[in-house]
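Q: Quick one: this structure, given as structure tokens, is what I'll be asking you about.
The values are calculated or read from the model by the stated rules, or taken from the named source; none is laboratory data. Just so it is clear, the model here is predicted, and its values are computed rather than measured. Virtual Cβ from ideal backbone geometry, glycine too; neighbours counted across all protein chains shown.
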Amino acid sequence: MTRWENYLLSAEKIVQDYDGSLPLHHYLKGFFKSRPQMGSRDRKRVQQLAYQYYRLGRWQTQLAAKERLLVGALFCAKEPDELLGALRPEWNEVAGGALEEKLAVSGLSWNPSDVFPFLEHLSPAIDAEAFTRSFLEQPRLFIRARPGRKAALLRLLEAAGIAAEEIGENTLALPNGTSTDTIVPDKSWYEVQDLSSQETGERFRPEKGQHWWDCCAASGGKSILLLDKEPRVHLLASDVRASILENLKKRFAEAGVKNYTAKVLDLTSPALRSQLPRTQFDGIILDAPCSGSGTWGRTPENLFYFDEKRIAEYAALQRKIAANVAPFLAPGGQFIYITCSVFREENEEAVAFLERECGLTITESGVIRGYARGADSMFVAVGTKRKGD
């Protein structure tokens, strides 16, 4: 048996046993740990095959696992591939070609609704065809240079032979798999942060001495972005998960962030007011819990296993949180609603709820389309409190 056949056999074992109950990268750690004989090159190729399998979404699920793995390898390829050359040489001739060429040689037909079975839920601004095709390509790795560090970062990357593309003022796009920790040991110089996520921060307008609340802070990426814009704000970072806030504290320590308060809060609780250190904030960032559908290019197993019923569940949770949090916005303050979703129920319909039920006037809202740039797709809306509400 050739090594290519062994790779295919290992990947087949993964997709047959994996059930989506935990992130694929966690499952793969256990899979490879139980197979210490596999070298790093072997693990990398088998992992790639597995991810390519899930990038197809629900398309061509009638095929046997081995055949669908080969289909994934073909349609996700950007150049000729040794595995395809060994196992499907006629396919390999078009491995670097357009989707239409690959369809012709494989005899398959393309149906976007099979890849992404939730097209009817898409936000209107999303190009369904372009968005669906984007799943065939791994998103890029983006980092954000911290204030005053971009030039030094570029020097270190150049010395390591890493080609970095400069995007905007502080964003660098790096080749996937770049070991930033090894190349730039000082983590206070940069943040690993998707391009679209960085662009949500363009809506932040903090001023010295203001009180801001990042109410679903998770590991704190948006908070650090806020403080880099104005380090003299008083920040409250909260999350319902104590373990996540421990990650935030570690990340803040690495970033040199000290001026903040972290607190475990359940934003759905009717007793929320009694748990807050103040009753009004000049700025509130609600990076709402959501389906994450705009980030599934990075976690394509979610594309494969997502239950459509969860869209309504997330939408209901977002409305409950927004209604509980919005009253704490000070007059003239800034309310920023963010999701990493492409579903209108979590985006445009949420904005309608914010205006209708939460006393907010929305001054800006829209999808940040990352799928054409190798980035995540997100949604952001900015509101202010109406007088009398």
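Q: Which residue, of 173, 163, is in the same structural domain as residue 146 (by TED's automatic domain parsing) and in contact with a Phe, Trp or Tyr (Cβ under 6 Å, 6 or more places away or on another chain)?
A: Details: 163 fails: in contact with a Phe, Trp or Tyr (Cβ under 6 Å, 6 or more places away or on another chain).
Within the list 173, 163, the selection yields 173.
Q: Yes or no: segment 266-280 includes at least one residue that is small (Gly, Ala, Ser), in contact with a Lys or Arg (Cβ under 8 Å, 6 or more places away or on another chain) and at pLDDT 95 or above. I'd like the intermediate steps shown before the answer.
A: Taking segment 266-280 first, the residues small (Gly, Ala, Ser) are 269, 271, 274.
When the remaining residues are screened for being in contact with a Lys or Arg (Cβ under 8 Å, 6 or more places away or on another chain), the result is none.
No, segment 266-280 contains no residue that is small (Gly, Ala, Ser), in contact with a Lys or Arg (Cβ under 8 Å, 6 or more places away or on another chain) and at pLDDT 95 or above.
Q: Please indicate, with yes or no, whether at least one residue in segment 139-162 is within 19 Å of residue 251 (Cβ to Cβ) and touching a Gly at 6+ places or on another chain (Cβ under 8 Å). It would help to see each step written out before you state the result.
A: Filtering segment 139-162 for residues within 19 Å of residue 251 (Cβ to Cβ) gives 141-147, 149, 153.
With touching a Gly at 6+ places or on another chain (Cβ under 8 Å) added as a condition, the list becomes 141.
Looking for residues that are within 19 Å of residue 251 (Cβ to Cβ) and touching a Gly at 6+ places or on another chain (Cβ under 8 Å), one finds at least one in segment 139-162, hence yes.
Q: Let me ask something additional. Which one of the conditions (1) touching a helix residue (DSSP H, G or I) at 6+ places or on another chain (Cβ under 6 Å); (2) charged (D, E, K, R); (3) under 19 Å from residue 332 (Cα atoms) does residue 208 fail to meet, given that it meets all the rest?
A: The single condition residue 208 does not satisfy is (1).
Q: Using beta carbons and a limit of 6 Å, which pairs, at least six apart or on different chains, have the first residue in segment 262-274 and more than 22 Å from residue 220 (Cα to Cα) and the second one surrounded by 13 or more Cβ atoms within 10 Å (Cβ to Cβ)?
A: Note: no pairs meet the criteria.
Q: So, one more: Go through segment 100-115 and count every residue that is assigned to a helix (DSSP H, G or I) and either within 26 Å of the chain's Cα centre (by Cα) or surrounded by fewer than 16 Cβ atoms within 10 Å (Cβ to Cβ) (or both). First the steps, then the outcome.
A: Within segment 100-115, the subset assigned to a helix (DSSP H, G or I) is 100-106, 112-115.
Remaining after also requiring either within 26 Å of the chain's Cα centre (by Cα) or surrounded by fewer than 16 Cβ atoms within 10 Å (Cβ to Cβ) (or both): 100-101, 103-104, 112-115.
Looking only at that region, the number is 8.
Table: residues versus (1) in contact with a strand residue (DSSP E or B) (Cβ under 6 Å, 6 or more places away or on another chain); (2) polar (S, T, N, Q); (3) exposed (fewer than 12 other Cβ atoms within 10 Å of the Cβ).
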| site | (1), (2), (3) |
| --- | --- |
| 1 | no, no, yes |
| 4 | no, no, no |
| 9 | no, no, no |
| 16 | no, yes, yes |
| 26 | no, no, yes |
| 30 | no, no, yes |
| 34 | no, yes, yes |
| 37 | no, yes, yes |
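Q: Is it fair to say residue 313 is free of Cβ contacts under 8 Å to residues at least 12 places away in the same chain and within 21 Å of residue 217 (Cα to Cα)?
A: Working: free of Cβ contacts under 8 Å to residues at least 12 places away in the same chain: yes; within 21 Å of residue 217 (Cα to Cα): yes.
Against the criterion (free of Cβ contacts under 8 Å to residues at least 12 places away in the same chain and within 21 Å of residue 217 (Cα to Cα)), residue 313 qualifies.
Q: Given the conditions (1) among the small types (Gly, Ala, Ser); (2) at pLDDT below 95; (3) closer than 25 Å to residue 220 by Cβ, which single one is not true for residue 173?
A: (2)
Q: Going by the structure shown, is residue 237 under 27 Å from residue 370 (Cβ atoms) and among the small types (Gly, Ala, Ser)? If you could, list the steps in order and put the result at the bottom.
A: Details: under 27 Å from residue 370 (Cβ atoms): yes; among the small types (Gly, Ala, Ser): yes.
Criteria met by residue 237.
Q: Oh, and also: When you go through 142, 118 one by one, which is the residue that is under 19 Å from residue 60 (Cα atoms), touching a residue at least 40 places away in the same chain (Cβ under 8 Å) and under 23 Å from the mean Cα position of the chain (by Cα)? Break it down into steps so the answer makes sense when it comes.
A: Details: 142 fails: under 19 Å from residue 60 (Cα atoms).
Unique residue meeting the criteria: 118.
Q: Step by step: first the residues of segment 44-68, then only those that are among the small types (Gly, Ala, Ser) and assigned to a helix (DSSP H, G or I), then the one that is farthest from residue 20 (Cα to Cα). Which residue is that?
A: Let us first name the residues in segment 44-68 that are among the small types (Gly, Ala, Ser), namely 50, 57, 64-65.
Going one step further and asking which of them are assigned to a helix (DSSP H, G or I), we end up with 50, 65.
Numbers: 50: 12, 65: 16 Å.
Among them, the one singled out is 65.
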